[in-house]
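Beneath this line is the structure, given in structure tokens, with notes to follow.
The values are calculated or read from the model by the stated rules, or taken from the named source; none is laboratory data. Bear in mind the structure is a predicted one, so any value in this text is a computation, not a measurement. Cβ coordinates were reconstructed from backbone atoms using ideal geometry, including for glycine residues, and neighbour counts include every protein chain displayed. Each accessible area value is taken on the protein alone, full model and side chains, heavy atoms only, with ligands, DNA and RNA left out. Shrake-Rupley method; radii C 1.70, N 1.55, O 1.52, S 1.80 Å.
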Amino acid sequence: MDSGRGVVKMIDQRQLPHRLTVVECDNYREVASAIREMTVRGAPAIGAAAGFGLALAARESTATTRPQLERDLAQAAEVLRATRPTAVNLGWALDRIMAKARAVEGTLEQVRAAVTTEAVRIADEDVEMNHAMARHGAALIQDGDTVLTHCNAGALATVDVGTALGVIIEAHRQGKRIHVFVDETRPRLQGARLTAWELMQAGVPMTLIADNAAGHFMRKGKVQCVIVGADRVTANGDVANKVGTYKLAVVAKENGVPFYSAVPSSTIDIKLPNGDAIPIEERDAREVTHIDGVPIAPEGVHVSNPAFDVTPNKYVTALITEHGVVRPPFDENLARIMGAGPS
Ligand code: MRU
């Protein structure tokens with residue numbers, strides 16, 4: 001956020017890898033549109049963006065009384081919250097900032113300042129958590145391993161560094177000779193467009209594969225572990241992530257390949273007992289029927305387009321968190337780290 005000018009700047013992820021452009025949002029409604037339209041995407045990134053959206057709402061509000069200001073902020077928070085339902089980071093960031101704003105004892109200017117300060121703190125903490133996850137997770141990757149990943153859980157999906165990709169890039173940085181299979185990740189191709197771009201910039205040897213090829217390579221013994229991010233992990237260790245993750249996890253278990261998900265505590269929804277209660281976002285049919293605006297299916301075809309799926313905890317070997325690598329029993333071990341966590 002450029003607090004001097006009162007704008008939120010973000011990379012337009014829809015333009016990558018062809019163009020690296022930055023868009024500016026002048027108000028919280030523009031931030032909400034950017035999240036909905038996936039200009040910015042990835043669970044921690046949309047949480048941070050929503051936080052900065054609320055900071056813009058605090059500046060925008062012309063309230064002259066405390067109840068008025070709190071009403072304006074609550075209204076903005078609901079508009080931001082309604083953009084995407086699956087990643088818990090969004091609601092987590094908004095709730096955290098609203099609680100901070102309500103707790104301020106001071107002038108309206110102090111409330112406004114507290115909203116911005118908390119949004120900045122959330123963004124800064126995300127980077128710290130990602131560095132910690134990278135260190136813990138890199139120890140799971142051995143010299144010579146091939147890692148398979150799905151969607152994009154890199155710097156673009158976070159404030160910086162990334163979750164799953166942070167782990168992979170750290171292993172490479174430590175001098176381990178690794179190779180990465182990147183699922184293209186239909187329908188929006190986050191793997192082909194974003195993860196391939198990030199890994200190539202980091203100089204990590206990689207091969208882009210069609211989603212449907214992952215099982216083939218696992219059966220051939222070409223994959224030593226799967227590492228993905230997550231949009232929400234529940235108290236029992238169920239993992240909601242980009243659609244297709246569940247299928248990968250099942251095939252990984254069938255082939256004795258460890259399946260890891262890298263998750264900051266901002267992605268752990270300890271109040272939800274299991275993944276059945278996670279809302280799964282349904283997105284526009286055009287994401288399936290068109291590629292770059294070109295139709296690939298008969299006009300009028302019936303489409304279903306869930307953006308995420310839930311991987312039951314029995315397929316999850318371990319969760320990589322900023323507190324360390326968490327193994328089953330997840331209910332006990334997640335409760336322990338969440339009790340100890342910063343949030
Ligand atoms: O629909 P997207 O692109 O926002 O989905 C993103 C994912 O599923 C990521 O794997 C997840 O948010 C983790 S990002 C660190």
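Has region 71-90 got at least one residue that is part of a helix (DSSP H, G or I), open to solvent by 10 Å² or more (accessible area, probe 1.4 Å) and within 13 Å of the ligand (Cβ to nearest atom)?
Looking through region 71-90, at least one residue is part of a helix (DSSP H, G or I), open to solvent by 10 Å² or more (accessible area, probe 1.4 Å) and within 13 Å of the ligand (Cβ to nearest atom).
Looking at this structure, is VAL167 in contact with a helix residue (DSSP H, G or I) (Cβ under 6 Å, 6 or more places away or on another chain) and free of Cβ contacts under 8 Å to residues at least 60 places away in the same chain?
Taking the combined requirement at face value, the residue does not satisfy it.
Kindly provide the set of residues from region 172-213 that are β-branched (Val, Ile, Thr), open to solvent by less than 30 Å² (accessible area, probe 1.4 Å) and not in a helix (DSSP H, G or I), ordered by number.
Within region 172-213, ILE178, VAL180, VAL182, THR185, VAL204, ILE209 qualify.
Please go through (1) open to solvent by less than 10 Å² (accessible area, probe 1.4 Å); (2) aliphatic (A, V, I, L, M); (3) assigned to a helix (DSSP H, G or I) for VAL250 and return the number of the only condition it doesn't satisfy.
Of everything listed in (1) open to solvent by less than 10 Å² (accessible area, probe 1.4 Å); (2) aliphatic (A, V, I, L, M); (3) assigned to a helix (DSSP H, G or I), VAL250 misses just condition (1).
Only one of (1) within 30 Å of TYR28 (Cβ to Cβ); (2) outside any helix (DSSP H, G or I); (3) β-branched (Val, Ile, Thr); (4) open to solvent by less than 50 Å² (accessible area, probe 1.4 Å) fails for VAL127. Which number is that?
(2)
Considering every residue within region 255-271, establish whether at least one is at pLDDT 95 or above, closer than 20 Å to GLY339 by Cβ, assigned to a loop (DSSP other than H, G, I, E, B) and away from the ligand (no atom under 14 Å from the Cβ).
Yes, that holds for at least one residue.
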